[in-house]
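Undergrad: Before I ask anything, let me first share the structure, which is written out below as C-alpha cells.
Values quoted throughout were computed directly from the atomic coordinates according to the rules given, and no laboratory measurement underlies them. Everything quoted here is computed from the prediction, not taken from an experiment.
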Amino acid sequence: MAETTPELSVVVPAHDEADNVGPLVAEIAAALRGRIRFEMIFVDDASRDGTRQQLLAARVAHPELRVFAHASQSGQSTAVRNGVRQARAPWIATLDGDGQNDPADIMKLLAERDRADPRTKCFAGWRVTRRDGWIKRVTSRFANALRSRLLRDATPDTGCGLKLFEREAFLDLPYFDHMHRYLPALFQRAGWRVISVPVGHRARTRGASKYGTLGRAWVGISDLLGVIWLIHRSKRTEVHPL
C-alpha cells in the first residue's frame with residue numbers, strides 16, 4: 001500500500017474551464033510522471049459547460065486523476081478545501097484551472113521545500129512577470145501592496161494559484177470564503193514560515209476570466225478586515241507533555 005500512496009496531491013479547482021482542463025491534466029502528468037508519486041484532484045465547481053465531461057474523458061488516459069464535483073457553485077476556496085480533504089498525500093500543490101500556471105513549476109516548489117527549514121509549511125508562487133491585461137496587473141499590484149502593508153506577511157503575490165503546502169497544516173487553518181487569497185498570512189498566523197518562489201505565468205488562451213475587477217476589490221476589502229481581526233485575536237503557546 002505504501003508504494004502506491006502518493007507523495008503529492010495536485011488540487012485544481014475549475015469552473016467553466018472545458019477548454020482548459022484536458023490540456024492541463026496532460027501537462028501535470030508530463031511534468032510529474034517518473035519524478036514523484038502523485039495524484040491529480042480536480043474539483044468541478046458546478047460548471048455549466050462541458051468541464052465535467054472533459055475531466056471524465058481525461059481520466060481514461062490518466063489513472064492519477066480523481067474528479068469531484070460540487071452540487072452547487074461554491075467558489076474557489078471551497079473547491080480547494082474540498083480537494084485537499086479528499087487528498088491522500090501529505091503535501092498539496094494547487095494550480096488554477098485556467099492554465100495560466102505552469103505545472104512544470106511544481107518541481108521548483110518541491111526543490112525549495114526540500115532545502116527549507118522544517119517549520120516552513122507553505123511555498124507561494126510569485127509571478128514575477130504577469131501575462132494579464134494592464135488593468136488586472138495594476139489592480140493586483142495595488143491590492144498586494146495594501147495587503148502586505150496591513151498584514152505584514154512579506155509575500156509579494158498572494159494571488160498566484162500555484163502553491164505548495166502541508167495538508168495537515170492547511171486543514172488546521174480557519175476556513176472562510178476567499179481564504180485562498182490569504183494563505184501566507186494564515187499560515188504565519190498559525191506559527192509557520194512561508195517562502196515566496198519566483199514562477200512563470202502564462203496568458204489565458206482559452207475561456208474567460210471569472211473575476212470582475214471591481215467586484216473582487218470590494219470583496220477583498222471585507223476579507224482583509226476579517227483577516228486582520230483573526231490575526232489580532234490569535235493566541236499561540238507551546239504545549240509540553242508532563
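Undergrad: After finding the eigenvalues of the alpha carbon gyration tensor for region 1-112, what semi-axes result from the square roots of 5 times each, listed largest first in whole Å?
TA: Numbers: eigenvalues 90, 42, 36 Å².
Semi-axis lengths for region 1-112 are 21, 15, 13 Å.
Undergrad: In percent, how large is the relative contact order of the chain, given Cα pairs closer than 8 Å and 6 or more residues apart?
TA: Working: 411 pairs, mean separation 54.2, N = 242.
That works out to 22 percent.
Undergrad: Return the long-range amide H neighbours of V199 (sequence gap of 5 or more, or a different chain), with a cut-off of under 5 Å between placed amide H atoms.
TA: W126, R127, V128
Undergrad: Still on this structure, please answer the following. Pairs of lysine in the chain with Cα under 18 Å and at least 8 positions apart or on different chains: total? Display every interim value, and only then the final one.
TA: Values: K108/K121; K108/K163; K121/K163; K136/K210.
So the count works out to 4.
Undergrad: Also: Quick one: which residues, 5+ away or cross-chain, put their amide H under 5 Å from the amide H of V10? H built at 1.01 Å from N.
TA: The list, which skips near neighbours in sequence, is E39, M40, I41, A93.
Undergrad: Once the convex hull of the alpha carbons of region 57-136 is built, what does its volume come to per residue, in cubic angstrom?
TA: Details: hull volume 13.2 nm³, N = 80.
Dividing the Cα hull volume of region 57-136 by its residue count gives 165 Å³.
Undergrad: Send over the Kirkwood Rh of the chain, from the inverse of the averaged 1/r over different Cα pairs, rounded to one decimal Å.
TA: On the way: mean 1/r = 0.0544 Å⁻¹.
This gives a value of 18.4 Å.
Undergrad: Could you give me the ³J(HN,Hα) list for region 88-103, computed from phi with Karplus coefficients 6.51, -1.76, 1.60 and θ = phi - 60°, whole Hz, x at Gly and Pro?
TA: Here the 3J(HN,Hα) series is 9, 8, x, 10, 10, 10, 10, 9, 6, x, 8, x, 7, 7, 8, x Hz.
Undergrad: What list of ³J(HN,Hα) couplings, whole Hz, do you get for region 43-51 from phi and the Karplus terms 6.51, -1.76, 1.60, once you set θ to phi - 60° and write x for glycine and proline?
TA: So the Karplus estimates, Gly and Pro as x, are 10, 7, 8, 6, 5, 9, 9, x, 4 Hz.
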